[in-house]
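The values are calculated or read from the model by the stated rules, or taken from the named source; none is laboratory data. The structure displayed is predicted, hence computed values, not measured ones. Cβ atoms come from the backbone with ideal geometry, glycine included; neighbour counts cover every protein chain shown.
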Amino acid sequence: MFVTYVASSFYRGYIEAVRELEQQIQLSGDVQFDDIVVACGSGGTIAGLALGSKLSSLKAKVHAFSVCDDPEYFYDYVQGLIDGLQSGLDSHDIVSIQNAKGLGYAMNTAEELKFVKDIATATGIVLDPVYSGKGAYAMLKDMADNPSKWKGRKVLFVHTGGLLGLYDKVDQMSSLAGSWRRMDLEESVPRKDGTGKMF
């Protein structure tokens, strides 16, 4: 199945990403993270981050906020990947997964969309409304609801992309963001030489 192949590719790629992060931390000398937080949509990213962290010197706890399916589905999926490596690890020991799907996959509340807009305005970081936006929103909500769990901890939030998800939310976000509008591909767009249409 294509989705399984893609997720397992992410899994291997994120093990390498942890290795690169570990190297960058060693070069900087003073940065360390207690926790790594990421949105979860396929399971591959969290499997790679969790296993990579466990096998590295980081030993950071990985927290995943699932934007679709339920946490048990992802615990089972991660378990299947790590069982394939005969690691003897338990997915519940290497990753903490919480539900963040809200209204459903790729569906947002007005609060979630306002959060994405407010983060972009305040920081210049554009989160997508399907993955990283929901993950960051759920993380900050969990920090507010469970302050002792996060107090004094250094957290790395991994933005996994997905910015094209904003395209489908233009109509919902336009009242929040001001003069946003959808650009139709049939519109005349000047070429670099100033003539004609690009499309």
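The set of residues in region 59-88 being closer than 23 Å to residue 23 by Cβ and at pLDDT 90 or above consists of 59, 60, 61, 62, 63. Scanning region 108-162 for residues that are at pLDDT below 95, over 13 Å from residue 67 (Cα atoms), in contact with a helix residue (DSSP H, G or I) (Cβ under 6 Å, 6 or more places away or on another chain) and not in a loop (DSSP other than H, G, I, E, B) turns up 113, 114, 115, 116, 117.
The combined condition, being closer than 21 Å to residue 35 by Cβ, touching a Leu at 6+ places or on another chain (Cβ under 8 Å) and not hydroxyl-bearing (Ser, Thr, Tyr), is fulfilled by residue 82.
Could you please let me know if residue 37 is under 21 Å from residue 136 (Cβ atoms), buried (at least 21 other Cβ atoms within 10 Å of the Cβ) and touching a His at 6+ places or on another chain (Cβ under 8 Å)? Even if it seems obvious, please write down each step before you answer.
On the way: under 21 Å from residue 136 (Cβ atoms): yes; buried (at least 21 other Cβ atoms within 10 Å of the Cβ): yes; touching a His at 6+ places or on another chain (Cβ under 8 Å): yes.
In short, yes.
Among residues of region 28-71 being in a loop (DSSP other than H, G, I, E, B) and hydroxyl-bearing (Ser, Thr, Tyr), the one that is nearest to residue 158 (Cα to Cα) is 42. Just to be sure before I move on: is residue 138 surrounded by 14 or more Cβ atoms within 10 Å (Cβ to Cβ), of a type outside the set (Asp, Glu), out of contact with any Gly (no Cβ under 6 Å at 6 or more places or on another chain) and under 18 Å from residue 62 (Cα atoms) in the structure I sent? So residue 138 fits the description; yes.
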